[in-house]
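S.K.: To start, I am sharing the structure in question, which I have written as structure tokens.
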Amino acid sequence: MKVHIIGGGNLGVSIALGLSKFSPENQVTITRRNTSSILYLEKLGATVSTNNIHQIQEADVIILTIKPYQVDTVLAEILPVISNKIIASAVSGLSIENLQNKIGTANSAIRIMPNIAAQFGASATCIAFHEKDKDKAQDVVSLFQSLGTAPIIDEKLMDAATVLAASGTAFALRYIRASMQAGIEIGFDWQTALAISAQTVKGAAEMLLEEKVHPEQLIDRVTTPQGCTIAGLNEMEMHGFSSSLIRGIKTSLKQIKG
Ligand SMILES: NC(=O)C1=CN([C@@H]2O[C@H](COP(=O)(O)OP(=O)(O)OC[C@H]3O[C@@H](n4cnc5c(N)ncnc54)[C@H](O)[C@@H]3O)[C@@H](O)[C@H]2O)C=CC1
Ligand SMILES: O=C(O)[C@@H]1CCC=N1
């Protein structure tokens, strides 16, 4: 497929990098206003351009990875030269209905919510579309399946998916950072503490994904009676570990919904 990514920032670049590694049969074009920092993508086979409409007529899917306030400007540039295109938008808070109204019935609006782990083929990319675009959306689903998992969700959960799956990357990293900081306090240098903390989180996630059980079932296997784990967990909960995470996620959601 020919994939045209508009907005070569953090997310756009992670998708381009992921596609170059995990789905190299796709031809990627990526645009941004100043391309100097992303020209290295050309060495990986992508076309990098400052021109949003560069070969856009040939694209099978156009991916928007721009900020919400940049959408109207970009659409004003591309709409006069496209027709019958799939526009997959990762723009947070922009509904399918709003996007469809902007792009007209000649094009299809699909919402995607990847995260920056797309670069490593490990994104959880939630995807939503209207029934009329079901067939066209399959290409987008397949594309993002090559970059991790790509669950199809009801659009009403898309803001929640943004917080859980996209912002969630930052939340998970902050957990690892805190764990690493504690690791330094109890004797490790930061590099060793980071390596141990990150691998431990990866191992815990792999167990969950593999066994498909409730986390508490696995926690029960770790918490030896009268042992150190339950003592630590109870102390964390006394200080609001779970509740602060839940409150943070709900606050992020409020921020999107405005
Ligand atoms: N960063 C993330 O982890 C995620 C971001 N998103 C959403 O993706 C969108 C982009 O987010 P980021 O990549 O973080 O932002 P960013 O600021 O890193 O990237 C946006 C890019 O668009 C470029 N741009 C601005 N105006 C343009 C124009 N007229 N034509 C072409 N390119 C233009 C900018 O130069 C910049 O490189 C946002 O709507 C965000 O909500 C969604 C999921 C995850
Ligand atoms: O922080 C943000 O608004 C964007 C959307 C999710 C991840 N980054």
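S.K.: So, in the stretch 2-153, how many Lys pairs have Cα atoms under 29 Å apart, if the pair is 8 or more places apart or on different chains?
M.R.: Step by step, the pairs that qualify in the stretch 2-153 add up to 27.
S.K.: Quantify, in whole percent, the carbon and sulfur part of the accessible surface of the chain (1.4 Å probe; protein heavy atoms only). Please list the in-between numbers first.
M.R.: Values: 8400 of 14860 Å².
C and S fraction of accessible area: 57 percent.
S.K.: Let me ask another. What's the angle, to the nearest 10 degrees (0 to 90), between helix 241-257's Cα axis and the longest principal axis of the chain?
M.R.: Tilt relative to the chain: about 20 degrees.
S.K.: Quick one: Karplus J couplings for the stretch 92-109, per residue in order, coefficients 6.51, -1.76, 1.60, θ = phi - 60°, nearest Hz, x for Gly and Pro?
M.R.: 3J(HN,Hα) across the stretch 92-109, in whole Hz: 5, x, 8, 6, 4, 4, 5, 5, 4, 4, 6, 9, x, 6, 6, 10, 10, 9.
S.K.: Same structure, new question: Could you calculate the FRET efficiency of Ala172 with Glu131 from 1/(1 + (r/R0)^6), where r is the beta carbon distance between them and R0 is 45 Å, rounded to 0.05? Kindly include the intermediate steps, with their values, before the conclusion.
M.R.: Numbers: r = 33 Å, r/R0 = 0.74.
Calculated transfer efficiency: 0.85.
S.K.: Would you mind checking the tilt of helix 228-238 against the longest principal axis of the Cα atoms of the chain, expressed as 0 to 90 degrees and rounded to 10?
M.R.: The angle comes out near 60 degrees.
S.K.: Run the quick spin-label model on Leu233 and Leu245: label points 7 Å from Cα toward the beta carbon, then report their separation in nm to one decimal.
M.R.: 1.2
S.K.: A follow-up question, please. Counting only other residues whose beta carbon sits under 14 Å from that of Asp139, what net charge do I get with K and R as +1, D and E as -1? Before the final figure, lay out the partial values.
M.R.: Numbers: positive: Lys2, Lys85, Lys134, Lys136; negative: Glu25, Asp60, Asp133, Asp135.
It works out to a net charge of 0.
S.K.: Something else: What relative contact order, as a whole-number percentage, does the chain give when Cα pairs under 8 Å and 6 or more residues apart are counted? Write out the running numbers ahead of the final one.
M.R.: Details: 369 pairs, mean separation 35.7, N = 258.
Answer for the chain is 14 percent.
S.K.: Where does helix 10-22 land angle-wise versus the long Cα axis of the chain, in degrees 0 to 90, nearest 10?
M.R.: Long axis of 10-22 versus the principal axis of the chain: about 90 degrees.
S.K.: Taking K and R as +1 and D and E as -1, what net charge do the other residues with C-beta under 10 Å from the C-beta of Val61 add up to? Write down the numbers at each step before the final one.
M.R.: Values: positive: Lys2, Lys85, Lys136; negative: Asp60, Asp139.
Its environment carries a net charge of +1.
S.K.: Sorting Glu211, Glu216 by accessible area (1.4 Å probe), largest first, what list results?
M.R.: Details: Glu211 80, Glu216 105 Å².
Sorted descending by solvent-accessible area, the residues read Glu216, Glu211.
S.K.: Using only the heavy atoms of the protein chains and a 1.4 Å probe, how would Ser142, Ser197 rank by accessible area, largest first? Walk me through the numbers on the way to the answer.
M.R.: Numbers: Ser142 65, Ser197 10 Å².
These residues rank, largest area first, as Ser142, Ser197.
The values are calculated or read from the model by the stated rules, or taken from the named source; none is laboratory data. On a predicted model such as this, the values are computed, not experimentally measured, just so you know. Every residue, glycine among them, receives a Cβ derived from its backbone with ideal geometry; neighbour counts consider all protein chains shown. Calculation scope for accessible area: heavy atoms of the full protein, side chains included, ligands and nucleic acids excluded. Shrake-Rupley method; radii C 1.70, N 1.55, O 1.52, S 1.80 Å.
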